[in-house]
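Undergrad: Here's a structure for you.
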Amino acid sequence: MTMSSPISLMLINDLPELAGSLVLYLLFVVGPVLLAAWFLYYLLSVPMRRQERGRFFLDLLSTTLRQGKPLEQSLIEISNTRDKAPGVRFHLMAAYLEKGSRLSEALEKVPRLLPPQVASLLRAGEKSGDLQKVLPVCNYLVKDAESNVRGAVSYLVVIAFALSPFSLFVLNTLAVFVFPKFKEVMEGMGGGGSDYFLFLAGSIRWLMLVQGCLFAGLVIAAVFYVGGPRLARLLQFQSSPFVDRIAWSVPWKRRRLLRNFSMMLAIMLDSGMSEADALRLAADSVVNEIFRRRLERAEAALAGGMKLTEAISSLDDAGEFRWRLTNATHGHGGFLRALTGWHESLDAKAFQEEQTAAHTVTSALVLVNGMIVAMVVTGVFSALISIINAGVLW
């Protein structure tokens, strides 16, 4: 009969303990890390999921209209297949359509199906009687989410490696436990410590406040990033539209607003509408109160007998829109074709400005955080040098 070796017996005896340690490691270390990674992925991909939901819905509309089928009935039939791909909100919208609501009414009752700008464009297209013509503008809108995600990745890097909550914990530990001990040691050895260390120990709370404010700013930006345009709409006050005012003051958002309005106006003019009707329907597609107020002045000027090219001069402070529209009136092939190059230029400039701003802000935040870390490290080493010098003399 073969005797088991002592090592084998030890492994057999320790096997339950090893299994328990492995379970605890998976449960309390690997599990939370995987959960945090999934949660981070979920938050980061929110705009892309909005984009995919909007693009899927727009593809359904485009295919249905191209085939000449009745729109509402076709969407109801798609919902009756019980396919999960369109999402719960699509089926809810189809339920309103089945009760007799029009597409614009159903979209208004299910506001989270599409971004507010896309829903406004579809309502304007439905009023014009040709929904298919506004779909290119809607596709431009859902494509803007790619730029938002790229900018968010830059901010995520800053949160992960620079302005994380862990840095605040380190500064608080230094202020509460480390620096007071250094002071006690230096006072016990008969030295007061370096002036720089004393200055840093007295102002470390201010450094924590600066880092806390920067981190809070990034968290607020992340909340708006996840909440999207609908969260901004909830914070809007009709009497004081500060959210729209901020959006209008941001260069890339202003360019995209002008791009969307110009495309809608060109489509309406190409469809043979009068200038007044085209301007009114294009204004209905705008989801920005500051821009709408300028449009109201343009409508009043047009009603007063002013030319369209003169009336819209207040929409663009640089005057480029007026110049482009004036040239388009003398071109061939329609307004939309004549303005396509300008629309693409606005889109490219908006993308460039947004990415430049994202990289500039993140670089500045990293530099500020690096300066704070350098100040703390220099203060700690100056304290250690003071203790060593005092110890040698003592």
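Undergrad: Given the conditions (1) under 27 Å from residue 113 (Cα atoms); (2) surrounded by fewer than 17 Cβ atoms within 10 Å (Cβ to Cβ), which single one is not true for residue 276?
TA: The one condition residue 276 does not meet is (1).
Undergrad: Is there any pair with a first residue in segment 210-225 that is free of Cβ contacts under 8 Å to residues at least 40 places away in the same chain and a second that is surrounded by fewer than 19 Cβ atoms within 10 Å (Cβ to Cβ) whose Cβ atoms are under 7 Å apart and which are 6 or more apart or on different chains, and what are they?
TA: Note: pairs meeting the criteria are 224/231; 224/232.
Undergrad: Pick from 338, 300: which is within 34 Å of the chain's Cα centre (by Cα) and not acidic (Asp, Glu)?
TA: 338
Undergrad: Are there any pairs, at least 6 apart or on different chains, whose C-beta atoms fall under 7 Å, with the first in segment 54-83 and in contact (Cβ under 8 Å) with a residue 12 or more places away in the chain and the second assigned to a helix (DSSP H, G or I) and aromatic (Phe, Trp, Tyr), and if so, which?
TA: Within 7 Å, the pairs are 57/90; 79/90.
Undergrad: Does segment 111-119 include one or more residues that are within 26 Å of residue 288 (Cα to Cα) and touching a Cys at 6+ places or on another chain (Cβ under 6 Å)?
TA: yes
Undergrad: Checking the condition outside any helix (DSSP H, G or I) and either at pLDDT 85 or above or not assigned by TED's automatic domain parsing to the domain that holds residue 273 (or both), which residue from 341, 331, 379, 305 passes?
TA: 305
Undergrad: Restricting attention to segment 320-361, which residues are of a type in the set (Gly, Ala, Ser) and either buried (at least 17 other Cβ atoms within 10 Å of the Cβ) or free of Cβ contacts under 8 Å to residues at least 40 places away in the same chain (or both)?
TA: Of everything in segment 320-361, those that are of a type in the set (Gly, Ala, Ser) and either buried (at least 17 other Cβ atoms within 10 Å of the Cβ) or free of Cβ contacts under 8 Å to residues at least 40 places away in the same chain (or both) turn out to be 328, 331, 333, 338, 341, 345, 348, 350, 358.
Quick grid of which residues meet (1) out of contact with any Gly (no Cβ under 8 Å at 6 or more places or on another chain); (2) over 30 Å from residue 269 (Cα atoms):
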position: 44; (1), (2): yes, yes
position: 98; (1), (2): yes, yes
position: 115; (1), (2): no, no
position: 120; (1), (2): yes, no
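Undergrad: Would segment 13-29 turn up any residue that is more than 30 Å from residue 220 (Cα to Cα), among the acidic types (Asp, Glu), surrounded by 11 or more Cβ atoms within 10 Å (Cβ to Cβ) and at pLDDT 75 or above?
TA: Within segment 13-29, the first condition is being more than 30 Å from residue 220 (Cα to Cα), and the residues that meet it are 13-27.
Subset that is among the acidic types (Asp, Glu): 14, 17.
Cutting the leftovers down to surrounded by 11 or more Cβ atoms within 10 Å (Cβ to Cβ) gives us 14.
Restricting the remaining residues to those that are at pLDDT 75 or above gives none.
Looking for residues that are more than 30 Å from residue 220 (Cα to Cα), among the acidic types (Asp, Glu), surrounded by 11 or more Cβ atoms within 10 Å (Cβ to Cβ) and at pLDDT 75 or above, one finds none in segment 13-29, hence no.
Undergrad: State yes or no: is residue 47 under 22 Å from residue 225 (Cβ atoms) and touching a residue at least 24 places away in the same chain (Cβ under 8 Å)?
TA: Yes: the conditions hold for residue 47.
Undergrad: If I filter segment 87-103 for residues that are part of a helix (DSSP H, G or I), under 26 Å from residue 226 (Cβ atoms) and touching a Ser or Thr at 6+ places or on another chain (Cβ under 7 Å), do I get at least one hit?
TA: Narrowing segment 87-103 to residues part of a helix (DSSP H, G or I): 88-98, 103.
Now drop any that are not under 26 Å from residue 226 (Cβ atoms), which leaves 88-93.
In the following step, the residues that additionally are touching a Ser or Thr at 6+ places or on another chain (Cβ under 7 Å) were identified as 90-91.
Within segment 87-103, one or more residues are part of a helix (DSSP H, G or I), under 26 Å from residue 226 (Cβ atoms) and touching a Ser or Thr at 6+ places or on another chain (Cβ under 7 Å).
Undergrad: When you look at residue 40, is it over 22 Å from residue 134 (Cα atoms), part of a helix (DSSP H, G or I) and at pLDDT 85 or above, yes or no?
TA: Values: over 22 Å from residue 134 (Cα atoms): yes; part of a helix (DSSP H, G or I): yes; at pLDDT 85 or above: no.
Here the answer is no, as residue 40 does not meet what is asked.
Undergrad: Answer with yes or no whether residue 273 is closer than 21 Å to residue 125 by Cα and not in a helix (DSSP H, G or I).
TA: When the stated conditions are applied, residue 273 passes them.
Undergrad: Return the total of residues in segment 66-83 being in a helix (DSSP H, G or I) and loosely packed, with under 14 Cβ neighbours inside 10 Å.
TA: The qualifying residues number 4.
Undergrad: Can you tell me which residues in segment 339-373 are within 14 Å of residue 260 (Cα to Cα) and among the aromatic types (Phe, Trp, Tyr)?
TA: Selection gives 342 alone.
Undergrad: Further, regarding this structure: Which of (1) under 26 Å from the mean Cα position of the chain (by Cα); (2) touching a residue at least 12 places away in the same chain (Cβ under 8 Å); (3) under 22 Å from residue 171 (Cβ atoms) is the odd one out, the single condition residue 364 does not satisfy?
TA: Here residue 364 clears every test but (2).
Undergrad: Looking only at segment 50-65, decide whether some residue is farther than 24 Å from residue 224 by Cα and assigned to a loop (DSSP other than H, G, I, E, B).
TA: No: zero hits.
Undergrad: Go through segment 237-261 and report how many residues are over 17 Å from the mean Cα position of the chain (by Cα) and at pLDDT below 85.
TA: Qualifying residue count for the region: 6.
The values are calculated or read from the model by the stated rules, or taken from the named source; none is laboratory data. Owing to the predicted nature of the structure, the values given are computational and were not obtained by experimental measurement. Every residue, glycine as well, gets a Cβ built from its backbone with ideal geometry; the counts of neighbours run over all protein chains shown.
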